[in-house]
Amino acid sequence: MAPIHVIGGGLAGCEAAWQIARAGLDCVLFEMRPIGSTAAHKTDRLAELVCSNSLKSESESTAPWLLKEELRRLDSLLLAAAQKGRVPGGQALTVDREVFAEEVTSAIEREPRIELRREEATCLDSGAIQIVATGPLTSGALAEEIARFTGSDRLFFYDSISPIVDAESLDYSVAFRASRYGKSIDGTDDYLNCPFDREQYERFVDAVLSAEAVPAHIPEDRTPFFEACLPIEEIARRGRDTLRFGPMKPVGLVDPRTGRRPHAVVQLRQENLRAASYNLVGFQNHMRFSEQSRVLRMIPGLERAEFLRYGQIHRNTYINAPALLLPTLQLRQRPSVLFAGQISGVEGYVESIATGLAAGRHAVDLASGVTPRAFPRETAIGSLCAYVSGADPRDYQPANITFDLLPQLDEETRRRLRTDKKARHAEVCRLAFVRLAEYLSVYA
């Protein structure tokens with residue numbers, strides 16, 4: 001049997017390759033780094049995280065928790081690696097990037113059924129079963145091949161990377177430790193909070209609005225930003241208070257110096273196991289580096305901050321998946337080619353892992369002569385795939401996992417639990433696990 005080809009050694013590609021190997025089939029995993037690179041990657045490690053280090057909420061019966069729990073039950077390599085590289089992060093699953101990438105890379109390199117080829121793949125006519133999981137920074141040559149192969153124009157949106165600061169350069173007499181409303185998984189205060197009074201906030205907004213930006217590759221009035229990950233400048237342009245109702249919201253926090261809620265807050269999240277650095281939560285931006293140094297040091301507690309990484313803006317590429325893909329992530333016109341990860345239009349680390357896992361399992365079915373079966377619609381994985389393949393192709397936007405993507409409960413259950421949102425979400429999760437178990441029983 002010919003090996004399955006997986007193009008891209010990011011989150012989706014590594015998970016797809018792992019699932020193929022675990023099923024007892026051979027796989028070739030193509031990764032162009034370090035032969036070629038991107039504007040955001042810094043290493044040659046597989047599954048390198050280039051934006052946040054958070055895999056989102058671990059609070060039980062939330063949509064991100066449900067998606068991760070499904071992946072754990074499906075023997076996800078990347079969720080296991082995340083657990084090994086976990087660092088404190090309140091109610092979120094946050095990881096040390098280096099530990100995480102090393103765990104994934106080592107596992108892939110040790111797996112005898114996975115051949116890791118460090119070369120750029122640019123052809124989708126190889127005749128093999130292929131999974132395209134090249135992510136948001138797909139090389140120009142392959143992007144052109146995808147456009148030719150699918151007969152569809154490429155789509156772009158722009159995403160930004162949050163800055164990272166050295167922990168030792170922060171002023172802890174100003175920045176205070178607290179999780180919003182005092183909530184964290186282990187009872188500790190895992191976030192640093194930089195509080196603003198009204199005057200400080202107004203000066204900061206003025207500075208953000210007047211900062212010089214890095215020139216965009218396309219006219220700024222046509223830049224299709226992803227709404228869930230806007231640069232802070234874009235947020236600020238929508239009104240004086242939009243930042244303090246967004247990434248700078250102060251709700252659930254009390255400044256111990258004043259005993260009152262601040263006017264606004266910037267939260268910093270631990271970046272690695274040594275707690276040697278922090279990233280500015282939700283502070284993606286596309287200001288010039290010199291401007292970031294000036295403007296972000298106006299944040300109380302960051303006046304002498306040493307920036308280990310500045311925010312950046314980069315191109316994200318994704319296909320018009322609803323016009324092209326089946327719920328099994330196969331191309332309608334060429335079912336031997338599958339797409340997974342952010343290039344398919346999911347947004348987020350765990351969502352990319354989930355579609356990689358699904359594509360890997362569906363590719364195994366194809367290679368085994370079995371008609372691939374989509375994941376149940378009631379599961380988070382199935383709902384993501386259903387969105388990717390079934391959204392309106394006229395206005396397709398990337399999506400994170402939310403309960404809105406999953407089917408509604410039946411009318412009787414909704415009526416019975418209408419006043420208890422947590423109970424409704426718990427029931428959605430319970431049903432997802434039931435349907436997932438039924439789905440897997442067919443393969444037992």
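The values are calculated or read from the model by the stated rules, or taken from the named source; none is laboratory data. Please read these numbers as outputs of a predicted model, since none were measured by experiment. Note that each Cβ is placed from the backbone with ideal geometry, even for glycine, and that neighbours are counted across all protein chains shown.
Filtering segment 346-370 down to residues that are under 17 Å from Pro64 (Cα atoms) and of a type in the set (D, E, K, R), which residue is surrounded by the fewest Cβ atoms within 10 Å (Cβ to Cβ)?
Among those residues, the one meeting the criterion is Glu347.
Working only within segment 105-136, note down all residues that are surrounded by 20 or more Cβ atoms within 10 Å (Cβ to Cβ), assigned to a strand (DSSP E or B) and not aliphatic (A, V, I, L, M).
Within segment 105-136, Gln130 is the sole residue that qualifies.
Residue by residue through segment 295-332, note down the ones that are of a type in the set (D, E, K, R) and either farther than 30 Å from Val364 by Cα or in contact with a Ser or Thr (Cβ under 6 Å, 6 or more places away or on another chain) (or both).
Result: Arg297, Glu303, Arg304, Glu306, Arg309, Arg315.
Looking at this structure, is Thr371 β-branched (Val, Ile, Thr) and either assigned to a helix (DSSP H, G or I) or modelled with pLDDT under 90 (or both)?
Working: β-branched (Val, Ile, Thr): yes; either assigned to a helix (DSSP H, G or I) or modelled with pLDDT under 90 (or both): no.
When the stated conditions are applied, Thr371 does not pass them.
Filter segment 256-282 down to residues that are assigned to a loop (DSSP other than H, G, I, E, B), at pLDDT 85 or above and polar (S, T, N, Q), then give me how many there are.
Quick first cut of segment 256-282, residues assigned to a loop (DSSP other than H, G, I, E, B) only: 256-259, 261-263, 271-276, 281-282.
Cutting the leftovers down to at pLDDT 85 or above gives us 256-259, 261-263, 281-282.
Filter once more, so that each one left must be polar (S, T, N, Q): 258.
Final tally of qualifying residues: 1.
Check every one of the helices (runs of 4 or more DSSP H) wholly within segment 2-84 and list those with 2 or more residues that are assigned by TED's automatic domain parsing to the domain that holds Ser106 and small (Gly, Ala, Ser). Break it down into steps so the answer makes sense when it comes.
Details: elements: 11-22, 63-73, 77-84.
Fully inside segment 2-84 and qualifying: 11-22, 77-84.
Name the single residue, out of those in segment 227-255 being part of a helix (DSSP H, G or I) and exposed (fewer than 15 other Cβ atoms within 10 Å of the Cβ), that is modelled with the highest pLDDT. Please lay out each step first, then the result.
Taking segment 227-255 first, the residues part of a helix (DSSP H, G or I) are 227-229, 232-236, 243-245.
Restricting the remaining residues to those that are exposed (fewer than 15 other Cβ atoms within 10 Å of the Cβ) gives 227-228, 245.
Values: Glu227: 70, Ala228: 64, Phe245: 95.
Looking at residues that are part of a helix (DSSP H, G or I) and exposed (fewer than 15 other Cβ atoms within 10 Å of the Cβ), I get Phe245.
From the list Thr419, Thr413, Thr355, pick out the single residue that is farther than 28 Å from Gly10 by Cβ, among the hydroxyl-bearing types (Ser, Thr, Tyr) and not in a loop (DSSP other than H, G, I, E, B).
Within the list Thr419, Thr413, Thr355, the selection yields Thr413.
Test Ile313 against the criterion of being at pLDDT below 95 and out of contact with any helix residue (DSSP H, G or I) (no Cβ under 9 Å at 6 or more places or on another chain), and give yes or no.
Yes, satisfied.
Quick check on this structure: which one of Glu438, Glu347 is closer than 22 Å to Ile319 by Cβ and charged (D, E, K, R)? Quick ask: steps written out before the conclusion?
Numbers: Glu438 fails: closer than 22 Å to Ile319 by Cβ.
Of Glu438, Glu347, the one residue that is closer than 22 Å to Ile319 by Cβ and charged (D, E, K, R) is Glu347.
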